[in-house]
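What follows draws every value from the coordinates through simple rules; no lab data is involved. Treat the numbers as computed from the prediction; the structure is a model and nothing was measured.
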Amino acid sequence: MKNSYESFWQFYPDYLQEHKDKRCRALHYVGSTLVLLELLAWMVTGHISYLIAMPLTGYGFAWVGHFVFERNRPATFRYPFYSLMGDWVMFFQAVTNRLRVPK
């Protein structure tokens, strides 16, 4: 990844380069889905434990994918906001069958 980006859309192609392994992406999707379920559970129950669990769940699954399958350092450590945006854009593109990951 570059040292700096002027926009998210400049960052996103490099983000996708760091997510070539489908197992890593699958772990991202599991984590994102669980985060959405935790958000819903918090909205229904009001239990703060669901809010506390959200970042642990989301990042936990994603980071395992990076360390075990991609063998790279998650972009979260250098670009936390763009990385979070990338997770959700990638998730949405996968769900809508629009994701194009470079080979």
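Per-structure values
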quantity: Part-to-part distance (alpha-carbon centres) for region 65-103 and region 18-63, which is given in Å; calculated: 13 Å
quantity: Helix 22-45 vs. the chain, principal-axis angle (Cα, 0 to 90°, nearest 10); calculated: 30 degrees
